[in-house]
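Only one structure is covered here, and it is reproduced in the block below.
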Amino acid sequence: MTTADYDQASLPDLLPLYYRRLFPFSQYHRWLNYGGVTKNYFQNREFSFTLKDDIYVRYQSFSTQNELEKEMQKMNPYKIDIGAVYSHRPNQHNTVKSGSFQALEKELVFDIDMTDYDDVRSCCSGADICPKCWTLMTIAIRILDRALRDDFGFRHCLWVYSGRRGVHCWVCDEAARKLSVAARSAVAEYLSLVKGGDETVRKVVLSDPIHPFITESLTVVENYFSQYALLGQDILGSKEAVDKVLALLPEDILFLCATFHMIFGVHSVASLLAKHALMKTAFFNQMTAKKGHYFEMEIMLQYCYPRLDVNVSKGVNHLLKSPFSVHPKTGRISVPIDLRELDRFDPFEVPTISLICEELDQPKTEEEQDDNMENENKKEAGERRKMRDYKRTSLAKYVKLFDNFLEEMAHSRKGEVLKNSGECNLNP
């Protein structure tokens, strides 16, 4: 189904159905409650709703899943944002003594938006994306997920498609949620290589010694660079494009420009690969290594390395769009991404709210037509019906992926409890 099949004018009619029958409230509450280990953890969490006509409602909070569910079904938000866990109930922040209302914890989050790559992609610009430039999101996830797990030791990283032009990461480990602003800033800075605004030409500058993190990142970039940059974006396929690349070279080796221009002008796969090979010749390496230049690495990183919105990651109280929120412009659901199938993830195949609501109208199977047993609790019946409803739609595989993520967190949490219990027994 394409975005063209979604009519933005239909959103007010579709949202009530989505929140009543399809939104995975049970899993959602289970996630943000984190096993109920910390008192009032869910109750002190901020939710923000964007309503029709861009009415913005902050500092919403709820005591239970049922309370959250009822309010969302009442307000039918166009967008849901999740904020921090505060010292007090966010919906009572106006009654708290000034200075006492503090953001205490939140997942370590990352926001990667395709618009930040506009200076290095030629296929699209602004909010537009296509399969060619989506490779940038794939590269970003691979680089950052490896670093978060291997360099920082985090285990529970939830990657989510934003619904339009980017991806979000929620690092849910307890240690990540408790990080201070300074610690979050340190992690964000460690992961940031592309720096400088529109006026900065060379946004990546490397120096000796090359950090192992950069080496690992380059390994990922190199796997995609020829197909993405040379073929997909054709970064050496025109004089203007070549001049853009040459502008990234240090001044003292710009005399090598003549070599590029000598072979410039042949538009074929072979010539593009030959140009890339030229950058890797022993001659080039010898000339640049003596001067401590890493221009090839810098070019590859500038064109392909993840571009983070550092401010989103630094702030504990910063809001970020919630998983399973609907993007009003595209109608697509903000769904988890399966990293095992990352190279095959297609944002244009993510279901729209119109599609999954339409799928609910399909004839039910015999099992789905069975009425609830007479002695079944009404609340349980409602939960079971909702579970059956989403399982009948294209949303099912994404909710299952979310379920698996929650199970892994629960298993890890149980392991930590057993470990701590064993340590207590050893040290009475």
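The values are calculated or read from the model by the stated rules, or taken from the named source; none is laboratory data. Here the structure is a predicted model, which is why all the values come from computation and not from measurement. Because the Cβ atoms are built from the backbone with ideal geometry, glycine has one as well, and the counts that use them run over all protein chains shown. Each accessible area value is taken on the protein alone, full model and side chains, heavy atoms only, with ligands, DNA and RNA left out. Shrake-Rupley method; radii C 1.70, N 1.55, O 1.52, S 1.80 Å.
Please determine, by comparing only the residues of the range 155-172 that are without any contact (Cβ under 8 Å) to a residue 60 or more places away in the chain and open to solvent by less than 20 Å² (accessible area, probe 1.4 Å), which one is nearest to the chain's Cα centre (by Cα). Among them, the one singled out is 166. Candidates are the residues of the range 93-119 that are assigned to a helix (DSSP H, G or I) and open to solvent by 10 Å² or more (accessible area, probe 1.4 Å); the one that is farthest from residue 234 (Cα to Cα) is 95. Taking the numbered list (1) over 26 Å from the mean Cα position of the chain (by Cα); (2) modelled with pLDDT under 95; (3) under 18 Å from residue 331 (Cβ atoms) in turn, residue 12 passes all entries but (2). The sole residue among 201, 194, 171, 187 that is touching a Phe, Trp or Tyr at 6+ places or on another chain (Cβ under 9 Å) and farther than 29 Å from residue 405 by Cα is 194.
Here residue 132 meets each of (1) surrounded by fewer than 16 Cβ atoms within 10 Å (Cβ to Cβ); (2) in contact (Cβ under 8 Å) with a residue 12 or more places away in the chain; (3) in a helix (DSSP H, G or I) with one exception, condition (1). Taking the criterion of being open to solvent by 10 Å² or more (accessible area, probe 1.4 Å), in contact with a Lys or Arg (Cβ under 9 Å, 6 or more places away or on another chain) and part of a strand (DSSP E or B), the residues of the range 27-55 that qualify are 50, 51.
Conditions tested, residue by residue: (1) under 30 Å from residue 180 (Cβ atoms); (2) in contact with a Cys (Cβ under 6 Å, 6 or more places away or on another chain); (3) in contact (Cβ under 8 Å) with a residue 12 or more places away in the chain.
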| residue | (1), (2), (3) |
| --- | --- |
| 50 | yes, no, yes |
| 53 | no, no, no |
| 59 | yes, no, yes |
| 62 | yes, no, yes |
| 72 | no, no, yes |
| 75 | no, no, yes |
| 86 | yes, no, yes |
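Residues of the range 209-227 include none that is outside any helix (DSSP H, G or I), among the charged types (D, E, K, R) and open to solvent by 10 Å² or more (accessible area, probe 1.4 Å).
Do we have residue 15 as surrounded by 15 or more Cβ atoms within 10 Å (Cβ to Cβ), touching a residue at least 40 places away in the same chain (Cβ under 8 Å) and over 20 Å from residue 91 (Cβ atoms) here? Taking the combined requirement at face value, the residue satisfies it.
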